[in-house]
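See structure below.
The values are calculated or read from the model by the stated rules, or taken from the named source; none is laboratory data. Quick caveat: nothing in here was measured; it's all calculated off a predicted structure. Here the Cβ positions follow ideal geometry from the backbone for every residue, glycine too, while neighbour counts run over all protein chains shown.
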Amino acid sequence: MAPSFDTLRDEDLDEDDFDEEEVDISDLREKYEVQLEQGYDTFVVVDGLPPVTEELKPKLIKFLLKKLNSVGRTKEENIFMPMGEDGTSQRFAFVEYSSAAEAAAAVRQLDGVPLDKKNTLRVNKMTDIDRYGREGRISDEYHPPQIPPFEPSKHLRSFMADPTGRGRDQFVLFRGENVGVFWNNEKDQPENIVDRPGWTETFVQWSPFGTYLTSVHAQGVQLWGGPDWERKKRFAHPFVNLVAFSPNEKYLVTWSNRPISIPDEGHPALTLDDDGKNYVIWDIETSKPLRSFAQLDTLGAPDENGVKKPIKAAWPAFKWSADDKYVARLNPGQSISVYELPRMNLLDKTVIKLDGVVDFDWAPATSQREGVKTYEQLFCFWTPEIGSNPARVGLMSIPSKEIVRSLNLFSVTDAKLHWQSDAAYLCVKVDRHSKSKKSQATTLEIFRVKEKGVPVEVVDTIKDTVINFAWEPKGDRFVTITTTEPVGPTAVPPKTSVAFFCPEKMKGNAIGNFKHLRTLDKKNSNAIYWSPKGRFVVVATVHNQQSSDLDFFDLDFEGEKPESDKDMTANLQLMSTADHYGVTDIEWDPSGRFVATWASAWKHSMENGYHIYDFKGEALREEPIEKFKQFAWRPRPATLLSKEEQKTIRKNLREYSRIFEVEDAERVNSADVAVVEDRRRILQEWLAWRESVEADVAEERAELGLPIDPIAELLKAKTAELGPDEEEKIIEEIMEEVLEETEEIVT
Amino acid sequence: MRPILLSGHERALTQIKYNRDGDLIFSVSKDQQICVWFAHNGERLGTYHGHVGAIWTVDVDPTSTIIASGSADNTIRLWDIKTGKNLKTWEFPTAVKRVEFNEDGTRLLGVTEKRMGHLGTIVVLDITVDVDAEQNDEKALTIVCDESKATVAGWSYLSKYIIAGHEDGSISQYDGKTGDLIYNIPIHELNMAITDLQWSPDRTYFITASKDKTSKLITAHDLEVLKTYVADTPLNSATITTKKDFVVLGGGQAAMDVTRTSARQGKFEARFYHKIFEDEIGRVRGHFGPLNTVAADPTGKGYASGGEDGYVRVHQFDKGYFDFMYEVERERQNRLG
């Protein structure tokens, strides 16, 4: 029985047995002690002062004040310098600032600053000295920091070695919440390498050489690589939206539309200086930020209400020179800022002023101009007509900032800059308007960058508006898509024409004038995808509700060449036409052997999935996948083989291909054998199962005394019932068929 | 293989049934009509009048004497095939979504809808397969589905089990005599309704169709999934062909889910899969709405499909169909022959 209140004895009260005071909680107290504001936050301790006598003390304090007041406000009487017994100062001082923020600034900025030649200031918060300097808090013994033994990391380029020896390419698939990397198996199911749910939050991206796979999260960007797909790097840019790599994988630019806000407790990678910035440029090797930038709020032209709306930030905002040495940003209408890597300092400490500048682009390769021996990187830019000054396209050399070539143009509505991949040519697509501004026409101004004096050739045979343009990679041919009607928000996109251009044949190695080769009219095409190796091109209709054609062209067709094209450096042939309903994106694999096309759930939700074609346009594989978002071939780094070695390979291609063909045939055969074996097994299993089930059912029926075929019995009964009433009728049907007919004339 | 187009219905088809001899086709539709057709030429033999609501389901007894139908007018009716006479009407509180005779035609099950406070049920009626007999008024058995309503149900071999497919994607096995629940197994994706359940000729296994875009072949005895057929569109119906080891699936994007009504997008095709190897063999186009029901001729000579577009398409298989064989099947046939 539990004691009731009436019978409560003193012993039942355990007050005496338990004394809170006795419990030792000092360990917990120490662990969870809250750092309260101690009122000393405005104080700092300045160490490293020279020893002074009482007479010299005011002089030192005055000298010190100059330094101290550079970061905050303090007064002579707020500096206390304790004197030792021997009459000289003890080489330190207490200083009170007018606010805690100033004290913090003093610690940040004055610590380690030399006072004179001999003495260096050490500035610490008084509270810190109290916290760490208290006895027992810091061990007196020195323990060397533990340096973990060096562990070689796994090879980041191991993906180049296909375990099957077939030189297959990898690709990444992002569908639903899962991200997986696969080997391309052409017609067969791709071989999975790794598959992880929720690997990224928004999208995935390969680095330019395929070394890393980038995943994007609210906390920042992560890079994954190596054979085990470990996390290699982390770049903590909160709420990052977009990522761009420098061409040689040395640097990374991250962008968020939300300005960075550094929390009070600090940020693992960024500092207070990065507060309010949108862009961060990172060094990939060290994963440290190099410099951050705020977004430029540029206002566009005033609309009908005279309100200037901010222009959407262009991406990439930071453009890299081909060798990662420079990165530049456009300040629209005003200037271009070029920064030098790795210090990220503004080149020559000034921006390049270019009035009205609209766009610029670096040459995608380190250019080699004839007669120019010094190192240079080129970029091109264009400025529109301002007042009576003509529009201008310029080519600037960096670091000299010398304008190599400039071209004046009139009646320009817009210009687009297109570099050829070797930086051998630059095509400026100029949209011109007539004087009345009613009609539009396009001309192509082609800069021959490698030739002496950079001659400019004009292609002005185009009457219509050019909506797309693409150079052949590593080549000198190009494709344009034109339309007669302006592209607008119409329900039915206008018909387009696809035109092919190539240089004329010339003697020797010279490259002739660009001539129109062929135009294909009444197309719907709106996109051009060249093979990365040149020669083959896919002209496609993407993002279109009505049509989705893919036309595969060969520009060096080995068959007969039409007489009209005999002076041309191309022989155009349509190899094949495919159709991928709802296609949104197309990408060639890095070897130029395959083309992937996909319909992404980001754009629409109809028939999402991907197709793989070979370069000839033969469909190899179709895979519809629900919520399919992204496909990306893993890029490959540039070949390590010398020009001569590549040449030898090309020469012996026939031999290699014979070996490969035999291997392919063998693989197909063995796969077929496996499939047949599998089917034989499945059929056997099915027949065995049927046999056992039939036996079981028959047994059960026999047990219940039921006939094996219940319905046959029922029908018999029914027929018997009907039998006597109805006579059995025999219906005879005679069919006649004419087998042969012959006609004979009887005389 | 030119199909015969049966254009006797004015609204979406709901179910098609062949009789056992494969010479008659019964079709029901939302237009409150039951039609019977000659399978070989598509001539309409007659209609059965009486229902005053969309008809969801029909079944014919094994001796082709009577048919049963279930309708949104909350009744199951029994009809004399020959005369078209309405022999019997049972009333229920809610619509009847599925009826099926057992293997000897002595029992009939009906699946009733869950609506207006009534739970979905499976009822069993005793039937006398005789046009002159007095039918029993009373239900022999009522199974209440309190978890998830049954959408389809059928009788296994020996009438041993009642198998039901549910709205939540699960399959239940009930004792055919007592109505006790034996198993309930989630087979299809959760909350993807099972839309059809049809039997193999000997009723030892059945095929399901589901909104989760798959169809499965399942044993009646232990509900083991034998085969899975993956399609790229929600399925409304699935059937097993005889003579050849195929299955036919029908479906298509429901009208309310299609943003643009192109035939391409809707995937309104009947799909043939190999029953044993699970490969897709071919597709038959023709309907311009989703396929609501497919049925195979029990004699193996053809199949019929009924669509949301109101048409029944009756196909007779041609020589190519019968000649088609996998290498391992041919191998076996050669060995046996």
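Here are the numbers for the structure shown:
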read-out	value
Test set (1) hydroxyl-bearing (S, T, Y); (2) within 14 Å of another protein chain (Cβ to nearest Cβ); (3) outside any loop (DSSP other than H, G, I, E, B) - B:T151 fails condition number	(2)
Of all residues making up the range B:99-127, the number that are assigned to a loop (DSSP other than H, G, I, E, B) and under 15 Å from B:D59 (Cα atoms)	6
Residue count for the range A:346-394, restricted to those that are crowded, with 16+ Cβ neighbours inside 10 Å, over 31 Å from the mean Cα position of the chain (by Cα) and in a loop (DSSP other than H, G, I, E, B)	3
Residue check for A:S657: within 20 Å of A:N184 (Cα to Cα), small (G, A, S), at pLDDT below 90 and surrounded by fewer than 17 Cβ atoms within 10 Å (Cβ to Cβ)	yes
Residue within the range A:628-648 that is closer than 30 Å to B:T219 by Cα and within 14 Å of chain B (Cβ to nearest Cβ) present	no
Conditions (1) farther than 30 Å from A:T42 by Cβ; (2) among the basic types (K, R); (3) modelled with pLDDT under 85: number failed by A:R137	(1)
Subset of the range A:497-513 that is in contact (Cβ under 8 Å) with a residue 60 or more places away in the chain and more than 34 Å from the chain's Cα centre (by Cα) - its residue that is surrounded by the most Cβ atoms within 10 Å (Cβ to Cβ)	A:P503
Filtered residue count, the range A:239-252, keeping only those that are under 24 Å from A:I262 (Cα atoms) and crowded, with 18+ Cβ neighbours inside 10 Å	6
Flag for A:A328 being modelled with pLDDT of 90 or more and outside any loop (DSSP other than H, G, I, E, B)	yes
Candidate set: the range A:661-671, residues that are free of Cβ contacts under 8 Å to residues at least 60 places away in the same chain and surrounded by 11 or more Cβ atoms within 10 Å (Cβ to Cβ); chosen: the one nearest to B:D202 (Cα to Cα)	A:V668
Among residues of the range A:707-719, those that are within 7 Å of chain B (Cβ to nearest Cβ) and either part of a loop (DSSP other than H, G, I, E, B) or of a type in the set (A, V, I, L, M, F, W, C) (or both), counted	3
Residue in the range B:299-337 that is nearest to the other protein chains (Cβ to nearest Cβ), counting only those that are under 30 Å from B:A254 (Cβ atoms) and acidic (D, E)	B:E308
First in the range A:557-586 and farther than 15 Å from A:N524 by Cβ, second anywhere and among the basic types (K, R) and assigned to a strand (DSSP E or B), Cβ under 6 Å, 6 or more apart	A:L572/A:R518
Where A:K507 falls short, out of the listed (1) out of contact with any strand residue (DSSP E or B) (no Cβ under 6 Å at 6 or more places or on another chain); (2) on the phi > 0 side of the Ramachandran plot	(2)
The range B:47-105, residues that are of a type in the set (S, T, Y) and in contact with a helix residue (DSSP H, G or I) (Cβ under 8 Å, 6 or more places away or on another chain)	B:T63, B:T65
Output for the range A:320-336, where each listed residue is under 24 Å from the mean Cα position of the chain (by Cα) and among the small types (G, A, S)	A:S321, A:A322, A:A328
Residue that is nearest to the other protein chains (Cβ to nearest Cβ) [pool: residues in the range B:202-227 that are touching a helix residue (DSSP H, G or I) at 6+ places or on another chain (Cβ under 9 Å) and part of a loop (DSSP other than H, G, I, E, B)]	B:T204
The lone exception for B:A133 - which of (1) at pLDDT below 95; (2) away from chain A (no Cβ under 14 Å) it fails	(2)
Top-ranked residue of the range A:590-614 - restricted to ones that are in contact with a Ser or Thr (Cβ under 6 Å, 6 or more places away or on another chain) and on the phi < 0 side of the Ramachandran plot, ranked as surrounded by the most Cβ atoms within 10 Å (Cβ to Cβ)	A:A599
Looking only at the range A:399-421, and only at residues there that are small (G, A, S) and more than 17 Å from A:F447 (Cα to Cα), the one that is surrounded by the most Cβ atoms within 10 Å (Cβ to Cβ)	A:S411
Residue ID - nearest to A:F239 (Cα to Cα), chosen from residues in the range A:271-287 that are assigned to a strand (DSSP E or B) and touching a Phe, Trp or Tyr at 6+ places or on another chain (Cβ under 7 Å)	A:Y279
Hey, B:I66 farther than 27 Å from B:R313 by Cβ and of a type in the set (V, I, T) or not	no
Residue match in the range B:87-98 (condition: within 14 Å of another protein chain (Cβ to nearest Cβ), among the hydroxyl-bearing types (S, T, Y) and not in a strand (DSSP E or B))	no
Qualifying positions in the range A:249-283 - within 14 Å of the chain's Cα centre (by Cα) and either modelled with pLDDT under 90 or under 15 Å from A:T211 (Cα atoms) (or both)	A:E249, A:Y251, A:L252
Long-range neighbours under 8 Å by Cβ, at least six apart or interchain, first residue more than 9 Å from chain B (Cβ to nearest Cβ) within the range A:672-700, second loosely packed, with under 13 Cβ neighbours inside 10 Å	A:A698/A:I708
A:E703, sole failed condition from (1) within 11 Å of chain B (Cβ to nearest Cβ); (2) surrounded by 10 or more Cβ atoms within 10 Å (Cβ to Cβ); (3) assigned to a helix (DSSP H, G or I)	(2)
Spans of strands (runs of 3 or more DSSP E) in the range A:154-252 with at least 3 residues in contact (Cβ under 8 Å) with a residue 24 or more places away in the chain and either basic (K, R) or in contact with an Asp or Glu (Cβ under 6 Å, 6 or more places away or on another chain) (or both)	A:230-235
Residues located in the range B:48-75, provided they are over 22 Å from B:V294 (Cβ atoms) and of a type in the set (S, T, N, Q)	B:T63, B:T65, B:N74, B:T75
Within the range B:19-45, considering residues that are within 14 Å of chain A (Cβ to nearest Cβ) and of a type outside the set (D, E, K, R), the one surrounded by the most Cβ atoms within 10 Å (Cβ to Cβ)	B:N19
Selection count where residues are buried (at least 19 other Cβ atoms within 10 Å of the Cβ) and either of a type outside the set (A, V, I, L, M, F, W, C) or out of contact with any strand residue (DSSP E or B) (no Cβ under 7 Å at 6 or more places or on another chain) (or both), scope the range A:221-231	2
